[in-house]
Amino acid sequence: MASHSKQQALQINDKNYKELINNEDFSLVLLLTASNPQIGCVLCTEFMPLYNHFAASYYENLSKQGSDQKVILAVADFIDSRKYFTELQLNNVPKVYYYAPTAAKQMVPNSEFEFVASDPYRQLVTWVVAATKLSPELFKLVEKRDYSNIALNILIVVGALGVMYKGQKKIVKMIYNQRGWQGFSIIFVILFTCGYMFNVIRGTQYIKTNKDGTNEYFIPGHQAQLGVETQIVSAIYGGCTLAFILLTDKLNSMKNKRNKNLVTILMSVIIFLLYSFLVSCFQEKKIGYPFWLLKF
Amino acid sequence: MSIVNVDSEGYLRVDSTLLRLIKLLLITSIFISISFAAISSRLFSVIRFESIIHEFDPWFNFRATKYLVNNSFYEFLNWFDDKTWYPLGRVTGGTLYPGLMVTSSIIFRIFEFIGMPIDIRNICVLLAPAFSSLTSLAMYLLTLEITSSSKNLKNKKTAALLSAIFMGITPGYISRSVAGSYDNEAIAITLLMVTFYLWVKSIHLGSIFYACLTSIFYFYMVSAWGGYVFITNIIPLHVFILLLMGRFDYKIYTSYTTWYSLGTLMSMQIPFVGFLPIRSNDHMASFGVFGLLQLVLFANYLKDTLNPLKFKKIMLAFSLLITIIGLSSLILATKFGLIAPWTGRFYSLWDTNYAKIHIPIIASVSEHQPTPWSSFFFDLNFMIWLFPVGVYFCFQDLTNESVFIIVYSVLGSYFAGVMVRLMLTLAPVVCVCASISLGRLFDIYLDFKDTLKIWYESESETATKETKEVDDDDEDVKDSIFTLLSKLTVVLTFIYYLYFYVQHCTWVTSNAYSSPSVVLASKNPDGSQLLIDDYREAYYWLRMNTKEDAKIMAWWDYGYQIGGMADRTTFVDNNTWNNTHIATVGKAMSVNENKSEIIMRQLGVDYVLVIFGGLIGYSGDDINKFLWMVRISEGIWPEDVNERSYFTDKGEYRIDDMATSTMKESLMYKMSYYKFADAYGTSDPIDRVRQQRMSSKYAHSITLDTLEEAFTSENWIVRIYKLKDLDNFGRDLISIGENERKNLSKRNKRMISRKKPNLDLRV
């Protein structure tokens, strides 16, 4: 069992799990997870790379120090090992179990890892060390050097430099293009004033679906926000900005007076509608806001 | 010649001095009204409550100001405060920005000198509104400077006046400058705007005089607020971008070098800042640009003397060398500790997850949360969608001054998006941009000269030539009516938006930003106002009933208030300079009575103060902040405190019968719910904040042995406990309590069981 490829956690499936739990020599640290997106376990997907890194570091350290392996690090994914999961009678994942040698048969773990929000790697190491009595040296994080990644980066940099050298003039032109910077700054400003950073930092969900299948586009209160809110509001701001620029800047060059007047009126109506829509959006956010322009 | 004439063509001619006089009069009266609006909209809390200092930090500033007024300036700078951070104390004079206190003490002295002694508290309360009217003046000057230097925006003073009124009443600024919020920001925003105005002016004129003034106000700003780093970085960035745009000239050189050298030297005179300007990475940008300017100047000289080919070669080699040397020396200096690395707060601006992971104490402050769009609209109203338009116009004619506005808007909107409190620095530039766009709009659409001209001409023409070309004229007149109509539509809608803006600002100010948070306002069932004055009641109790050197343990939020209102020694306060000390207090609150008693005896605690909102539903109480205490102390003692154990198995935060045993045993929990059941008689007590119901039996079983209840305020918001003296026979306080309960319990049980049937029948 211990002779599997030594660089990663042992993958468990319906075929090999019996063999694993019947072994009498090794203690076992087992991650039970469900990486299938249909199950939609967020914590599982977040924890998986961390655990893999943990396992890889362990095996790396083990081979470096040349000490005997006493612990097997394993992963069981729900899709591959349904039988095992039913035997364990699990009803929620992810879980990390520790089994002392020969204890795996009884299914009841000797110890269970408690997931915490802050610094999970350190917590995991502390827990494993406490359970297995191994030296924490074995679990020191080994940063893998991903050579393919480095090579790719070098390629990209070289390629970019080449393109830059070839198209020097065009790039210089692009950099000095005032219009480009103008658009960029305006988009930037609109994005940030629409709470884009809030979504990034909090990782908010895009839209809220009620139980009856209807969608909700706005959550009340300054404490929460949906991804779609940012999009709606930035569209409103963008529309207002465009209409306003037409009104004050572009219309001056228009020759036909009649058309000009028509467009003027049209634009102010558009601004009015957009603004009143914005206010009604705001009313959904701030319950009890007493003002409105048009009620939508 | 009289002042007003009618000349031969029928035009009214007015003497230019009279016109100027009228203009001056108008502008003065506009400014008086703006000041009036700005000040009066900040007085809601004074009218509703009384002239009182708000919130937390202002209490410290107030206390420091009182110290400064009663002692000399040098004593103030050397002030060692032994009433805070017991037993460590705090070198207060060296760890604060003295600008605010000095300002108000100077005002105090001036009033005293002219024979109008005013209580220092009233000066402190009204300082922020007074400075807000100065801010609108500075805003006016800044916008005028920006608009007057560009050809398209050269539109009289509409934009500038608009920006002044916008700034005067925008909630984004009012939030930090209502009467009573005696905080650094109260004067800092004024200084920020004045500095920016002077900077723009000096770069426009290339004048050393204005550059010196800029650095003087920069110095004032440094002395007043930690946010001066914003100026320290935005001015170099502005210059750097101008250099990239190939706009180097001697005006830029003169004003930047003057500002940098004078400003840096002066800022180092503030004890709290000290050698930071040459040692911390936050200031390296300004230093780098200073060096770069010298190089550019040198290169400019070479360009004039050498031939182009040689110049190009030299430049290439030169710039490569400089980059390498500069970067490596920066890295080396940081590594050897010559330059301090970026400060944590600064880091958290760029890497937004940094604070969450590394500095829980920063993440725990609600001001450091990211901003949703609704906050922007709440604070800036319709200016928020005029803001991008203003940026657009700044690009339309790209003067050096408008580049500044662009840089400021892009940076400001990013920072405001990351941290709610930085909305304050964004608000001014939004006002500038919005007023530029609105100014242009009104310039175009409030101009009825053409229409009037056509009407006048058609009238006079129909009077002279009656028959010919009447149709054509009619067409013209019709057109002009249509034009007038369209213009009126635009103008009227926007005037309505302005009206809406005023309504919005007044409503927001009155509802959201005028609560002193020391006194809570609530409504009785019949709609009349009910003031909840528990804080002051409790602090006053402390002041009157405890020994003068009593030490009060409370969570750091209340440190400044206890110092300011109760005048008692505290362990931790809002200064948060010593994380370990805060964690110690957090640990004392979150572990069980046994362990906590040891910590409290070691610290020398006399009283413990907790905020409890469960009885009346006040959500900002300590049980809601409890997790932060746990988290912060877990950061130091992970083996003693574990956040997970305060949650139930299902991951819920419960305080009722189902709460975890760690939660139930923690000192904070016991202090909050001790005797809570008594308030409900025999029925089940309900926590109105967490909306959880405890069973009466369980609630009665919450005991406290090491502490005794000393005071509980009217609505139970503040509860004060006294640490019991050690037992005379050396017995353990907890075991004494347990023994007493054992002896009592038989009788009690009988009483309870006797009562029970009655209860059921009554129900």
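Results, tabulated for the structure shown:
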quantity: Chain B: angle of helix B:383-396 to the longest principal axis, Cα-based, in degrees nearest 10; calculated: 40
quantity: Degrees, to the nearest 10: A:120-132 long Cα axis against longest axis of chain A; calculated: 10
quantity: Relative contact order for chain B, counting Cα pairs under 8 Å that sit 6 or more residues apart, in percent; calculated: 12
quantity: Residue-by-residue Karplus 3J(HN,Hα) for the range B:66-73, coefficients 6.51, -1.76, 1.60, Hz, glycine and proline x; calculated: 4, 4, 5, 5, 7, 10, 7, 4
quantity: Relative contact order (%) - chain A, alpha-carbon pairs under 8 angstrom, separation at least six; calculated: 15
quantity: Length-normalised contact order of the range A:177-285 in % [C-alpha pairs under 8 Å, at least 6 apart]; calculated: 26
quantity: The range B:586-601 - phi-based ³J(HN,Hα) in whole Hz, Karplus 6.51/-1.76/1.60, Gly and Pro as x; calculated: x, 5, 4, 6, 9, 9, 6, 4, 4, 5, 5, 4, 4, 4, 5, 5
quantity: The protein assembly as shown: calculated mean residue ellipticity at 222 nm from DSSP helix runs of at least 4, using -39500 (n - 2.57); calculated: -19000 deg cm²/dmol
quantity: Whole-Hz couplings from phi, Karplus 6.51/-1.76/1.60, listed for the range A:176-182; x for Gly and Pro; calculated: 8, 6, 5, 4, x, 5, 4
quantity: Cβ-derived FRET efficiency at R0 35 Å, B:R20 paired with B:M245, nearest 0.05; calculated: 0.35
quantity: Cα shape, the range A:107-221, gyration tensor, a/c 1.5 rule; calculated: oblate
quantity: Pairs beyond 28 Å (Cα-Cα), from A:K295/B:K157; A:K255/B:K487; A:K95/B:K670; A:K173/B:K312; A:K260/B:K449; calculated: A:K295/B:K157; A:K95/B:K670
quantity: B:M553 long-range amide H proximity, modeled H, under 5 Å; calculated: B:D606, B:Y607, B:V608, B:L609
quantity: GluC sites (Glu not before Pro) within the range B:48-83: DSSP coil, no more than 16 neighbouring Cβ in 10 Å; calculated: B:E50
quantity: Rg [Å, one decimal], Dmax [Å, integer] - the range B:366-442, C-alpha atoms; calculated: 12.4, 40
quantity: Loop chymotrypsin sites (Phe, Trp or Tyr not before Pro), the range B:700-740, which have at most 16 other Cβ atoms in a 10 Å radius of their Cβ (DSSP); calculated: B:F729
quantity: Overall form of the range A:177-285 per C-alpha gyration tensor (a/c, 1.5; a/b vs b/c); calculated: oblate
quantity: Helix B:449-464 axis, angle to chain B major axis (alpha carbon atoms, nearest 10°); calculated: 40
quantity: Candidate lysines - alpha carbon under 17 Å from B:K664, same-chain residues fewer than 8 apart omitted; calculated: B:K587, B:K595, B:K625, B:K650, B:K675, B:K697
quantity: Neighbour-count ranking [beta-carbon atoms within 10 angstrom, fewest first] of A:T230, B:T334; calculated: B:T334, A:T230
quantity: Restricting the range B:499-584 to trypsin sites (Lys or Arg not before Pro) in coil, as DSSP defines it, with at most 12 other Cβ within 10 Å; calculated: B:K547
quantity: Furthest towards positive pole of dipole, A:N23, A:N52, A:V71, structure part the range A:10-139, Cβ charges; calculated: A:N23
quantity: Relative exposure of B:I120, B:I611, B:I187, judged by other C-beta atoms within 10 Å (fewest first); calculated: B:I120, B:I611, B:I187
quantity: Beta bridges by DSSP in the protein assembly as shown, antiparallel share as percent, to the nearest 5; calculated: 65
quantity: Gyration tensor (alpha-carbon) shape descriptor, the range B:534-746, a/c threshold 1.5; calculated: rounded
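None of the figures in this text is laboratory data; all of them are computed from the coordinates on show. In this text, all values refer to a predicted model and were calculated from it rather than measured experimentally. Cβ coordinates were reconstructed from backbone atoms using ideal geometry, including for glycine residues, and neighbour counts include every protein chain displayed.
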